[in-house]
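Notes follow the structure.
The values are calculated or read from the model by the stated rules, or taken from the named source; none is laboratory data. What you see is a predicted model; the values in this text were computed from it and never measured. Neighbour counts are summed over all protein chains in view; Cβ atoms, including those assigned to glycine, are modelled from backbone coordinates with ideal geometry.
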Amino acid sequence: MSTVVKPAATRSFHRREQLSGRQIASRSVLYAVLVVIAIIYIFPFLIDIATSFKTEPDAASDPLGLIPATFTTAAYQKLFLNSDFPIWFKNSAIVTIVVTLGRVFFNSLAGYALARLHFRGRNLMFAGLIAVMSVPSVVLLIPKFLVINQIGIYDSYAGMIIPLLTDAAGIFIMKNFFESIPVSVEEQARIDGAGTFRVFWSVVLPMARPALVTIIILSFQGSWNELSHFIVSTQSPGLTTLTRASPRSPPVSSARVRSIRSSSRPPRS
Amino acid sequence: MSTTTRQAPALRLRKKSGIRRGEAASGWLFTAPMLILLGLFLVVPVLMALWVSFSDWSGRGSPFAGNVNFIGLKNYSALLSGGGLAEQDFGTALKNNAWYVVLVVPLQTALSLLLAVLVNRQILKGRGFFRTAFYFPSVTSSVAITVLWLFLFNSTGAVNKLLSYIGITGPNWFNDPGGIFHFGAANGPGFLTANTALGVSWWDWLGGPSVAMFAFVLLAIFTTSGTFMLLFIAALQNLGGDVTEAAMMDGANGWQRFWRVTLPQLRPTLFTVLTLGLIGCWQVFDQIYTGTKGAPGKTTLTPAYLSYQAAFNNQEWGQGAAIAFLLFIIIVVFTLLQRWILAERKVSKRRMRLYDIPPSAGSGPSSGASGQTAAAIALTAPLQRKDRP
């Protein structure tokens with residue numbers, strides 16, 4: 001009896017070992033592939049950071065090196081002390097903060113109305129919103145300038161900020177989220193005598209935190225990285241943002257400072 | 001009182017009529033900012049630009065002033081059949097962007113799907129790290145990454161240094177106007193160079209993107225694959241394991257399971273990714289503006305940048321607006337075309353049984369997704385829904 005059991009046990013043991021051996025091999029291949037791809041994705045940024053601490057000749061002669069031959073912060077000194085970097089940063093910060101706040105408020109307000117409030121024309125409004133979302137932003141470059149110019153807010157903070165204060169996609173996200181909140185919560189508040197705005201502000205909005213975080217991330221990233229809108233809405237150097245200020249100088253000098261936060265050249269106006 | 005009677009039928013349909021009093025007013029109040037902002041900066045501009053594209057406005061004063069004339073389709077005909085520089089530039093821009101789309105859209109879709117499948121393994125360690133690494137280029141601003149690219153693809157830059165290790169002399173990337181399918185040949189056969197379409201010779205149409213444009217193609221794949229990877233990951237996580245398990249029981253190997261079971265279920269996401277990719281690729285602007293401004297030899301000119309250049313640099317406002325509308329039409333046509341190609345066809349009953357899946361598969365965020373994933377999904381969910389009503 002024991003002789004019957006024993007070979008079976010060893011066989012199954014062997015088989016398991018064989019399988020796991022193959023598994024180990026395939027898994028190490030998988031990890032190797034992933035690591036190589038990850039290096040490809042991250043390496044450019046590491047080079048960029050390293051180069052910003054290199055001297056000019058060093059950057060030209062050893063573009064791949066991650067450790068500067070002579071460590072220097074000259075590029076950063078030039079950037080912070082001898083350029084308009086503070087102005088660009090200030091402009092970017094102002095626009096980003098105001099736009100993010102505006103979007104959080106207006107998007108959730110409109111999203112709530114479209115999701116919950118019953119009024120005539122709501123469906124039509126919603127259809128219009130979807131239609132508006134499908135217009136590619138590049139097509140709007142010239143048109144936006146025309147309107148901004150026409151109503152007299154060209155080359156001002158108003159012109160940079162107001163057109164960005166709400167966005168169709170954000171309203172859509174908020175609407176979808178509000179629809180997922182149970183109506184009974186609001187009804188409770190209504191019965192207790194809260195007005196529409198009160199219900200929205202004190203009851204529903206605190207429950208919408210995940211969606212609000214989404215909106216904050218999207219609008220912060222969107223307005224911080226925005227370029228085309230600022231190109232068509234401003235021209236004076238005092239209103240240049242970081243994205244507009246990025247250099248068009250020879251590549252090597254441009255990359256001496258990290259990413260977009262660079263250039264000692266005056267912005268094109 | 002009159003309002004109550006007018007709303008009576010609607011109210012009868014809804015249950016809690018008393019509680020809904022005053023909702024219409026607050027509804028309009030709540031949506032007023034949206035209506036004003038989107039109306040003023042999206043709807044009005046489009047109408048205004050439509051007028052400008054049919055006018056000879058030169059950028060001075062108001063486009064509605066008395067001295068601005070309606071000139072019909074002249075701006076459009078100059079671009080499509082004028083025979084002049086405008087037509088040639090537009091043709092060149094279309095050629096450049098068409099090659100860009102042809103290369104970027106399939107490659108970014110394939111790469112992002114591959115990354116998603118690799119990262120989505122259940123037993124993978126460091127999944128978060130890999131996901132972050134692949135997503136990293138996607139959150140960086142297009143301006144920053146273009147500057148980085150200019151540096152990396154400099155003639156003495158990192159990429160050429162790498163190529164030199166394997167014995168290849170790299171091209172002078174952003175200064176090389178040669179088409180990549182010309183392989184350095186200066187002149188093509190006569191029948192190709194003699195015939196032109198939109199002011200561009202067939203030889204140039206077939207030459208592919210210039211080396212400079214090809215660097216932008218690589219840039220686009222690099223920056224977009226992360227975002228689309230997240231969409232695919234979300235869709236993969238949403239797939240029930242039972243179908244795959246059933247296939248496993250039937251003896252399908254990993255390759256078959258992917259092509260016959262997983263991929264068909266990813267169809268809605270595939271559609272979203274392809275559509276977003278296509279729309280995004282026809283709108284290349286930031287990279288060109290920051291990087292090459294159309295140089296070398298106009299081979300990185302795109303319709304979006306050409307539209308900007310015509311209006312703001314050359315004061316040809318009518319023409320600029322006309323280019324923008326032609327671009328809009330191109331995008332709409334391509335989206336519809338793709339939708340038609342990828343549409344669910346009627347399948348035979350036998351095949352139907354094989355692929356019988358609930359239509360809801362692949363939409364909606366999964367609970368396990370990170371904040372960024374949720375953001376990306378939330379962003380595209382409307383588009384997805386819009387595309388398939």
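Here are the numbers for the structure shown:
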read-out	value
Filtered residue count, the range B:23-80, keeping only those that are of a type in the set (A, V, I, L, M) and more than 24 Å from residue B:93 (Cα to Cα)	18
Residue in the range B:189-211 that is out of contact with any strand residue (DSSP E or B) (no Cβ under 7 Å at 6 or more places or on another chain), more than 30 Å from residue B:82 (Cα to Cα) and of a type in the set (Phe, Trp, Tyr) present	no
Residue among A:232, A:213, A:203 that is more than 8 Å from every other protein chain (Cβ to nearest Cβ) and aliphatic (A, V, I, L, M)	A:203
For residue B:96: the one exception among (1) assigned by TED's automatic domain parsing to the domain that holds residue B:178; (2) under 17 Å from residue A:144 (Cα atoms); (3) among the polar types (S, T, N, Q)	(2)
The range B:253-284 - residue that is in a helix (DSSP H, G or I) and polar (S, T, N, Q) and, of those, farthest from residue B:301 (Cα to Cα)	B:256
Scope the range B:57-98; condition within 23 Å of residue B:213 (Cβ to Cβ) and aliphatic (A, V, I, L, M); matching residues	B:79, B:80, B:85, B:86, B:93, B:94, B:98
Residue ranges of helices (runs of 4 or more DSSP H) in the range B:1-79 with at least 3 members at pLDDT 85 or above	B:23-38, B:44-53
Options B:118, B:79: the member that is out of contact with any Pro (no Cβ under 6 Å at 6 or more places or on another chain) and away from chain A (no Cβ under 14 Å)	B:79
Matching residues in the range B:127-149 - criterion: being assigned to a helix (DSSP H, G or I), within 7 Å of chain A (Cβ to nearest Cβ) and crowded, with 19+ Cβ neighbours inside 10 Å	B:130, B:133, B:134, B:137, B:142, B:143, B:144, B:147, B:148
Which numbered condition residue B:332 misses (of (1) closer than 21 Å to residue B:112 by Cβ; (2) within 14 Å of chain A (Cβ to nearest Cβ))	(1)
Filter result (crowded, with 21+ Cβ neighbours inside 10 Å, assigned to a helix (DSSP H, G or I) and not small (Gly, Ala, Ser)) within the range A:48-59	A:48, A:51
Scan of the range A:60-73 for residues that are assigned to a helix (DSSP H, G or I) and either over 30 Å from residue A:39 (Cβ atoms) or of a type outside the set (A, V, I, L, M) (or both), ordered by number	A:61
Failed item in (1) surrounded by fewer than 21 Cβ atoms within 10 Å (Cβ to Cβ); (2) in a helix (DSSP H, G or I); (3) of a type in the set (A, V, I, L, M, F, W, C), with residue B:124 passing the rest	(2)
Among residues of the range A:189-209, those that are assigned to a helix (DSSP H, G or I) and either touching a helix residue (DSSP H, G or I) at 6+ places or on another chain (Cβ under 7 Å) or surrounded by 13 or more Cβ atoms within 10 Å (Cβ to Cβ) (or both), counted	12
Some residue of the range B:277-294 being surrounded by fewer than 19 Cβ atoms within 10 Å (Cβ to Cβ) and in contact with a strand residue (DSSP E or B) (Cβ under 8 Å, 6 or more places away or on another chain)	no
From B:327, B:306, residue being within 12 Å of another protein chain (Cβ to nearest Cβ), surrounded by 15 or more Cβ atoms within 10 Å (Cβ to Cβ), within 16 Å of residue B:94 (Cα to Cα) and touching a Pro at 6+ places or on another chain (Cβ under 7 Å)	B:327
Those residues of the range B:202-222 which are under 16 Å from residue B:296 (Cβ atoms), part of a helix (DSSP H, G or I) and either of a type in the set (Phe, Trp, Tyr) or in contact (Cβ under 8 Å) with a residue 60 or more places away in the chain (or both), in sequence order	B:204, B:212, B:213, B:214, B:215, B:216, B:217
Positions within the range A:146-183 being at pLDDT below 90, farther than 21 Å from residue A:216 by Cα and among the small types (Gly, Ala, Ser), in sequence order	A:152
Failed item, numbered, when residue B:289 is tested on (1) within 14 Å of chain A (Cβ to nearest Cβ); (2) in contact (Cβ under 8 Å) with a residue 24 or more places away in the chain; (3) of a type in the set (Ser, Thr, Tyr)	(2)
Inter-residue pairs, beta-carbon under 7 Å, first of a type in the set (Phe, Trp, Tyr) and in the range B:68-93, second at pLDDT below 85, 6+ apart	B:90/B:198
Of the criteria (1) more than 8 Å from chain B (Cβ to nearest Cβ); (2) over 30 Å from residue B:25 (Cβ atoms); (3) free of Cβ contacts under 8 Å to residues at least 60 places away in the same chain, which one residue A:88 fails	(3)
Residues of the range A:74-104 satisfying the condition of being in a helix (DSSP H, G or I), in contact with a Ser or Thr (Cβ under 9 Å, 6 or more places away or on another chain) and farther than 17 Å from residue A:157 by Cβ	A:74, A:75, A:76, A:78, A:79, A:85, A:104
Of all residues in the range B:44-53 being of a type in the set (A, V, I, L, M, F, W, C) and more than 7 Å from every other protein chain (Cβ to nearest Cβ), the one that is farthest from residue A:168 (Cα to Cα)	B:51
Residue satisfying all of: in the range A:106-116; under 13 Å from residue A:204 (Cα atoms) and not small (Gly, Ala, Ser); nearest to the other protein chains (Cβ to nearest Cβ) among these	A:109
Criterion (in the same structural domain as residue B:88 (by TED's automatic domain parsing), at pLDDT 85 or above and crowded, with 20+ Cβ neighbours inside 10 Å) met by exactly one of B:152, B:163	B:152
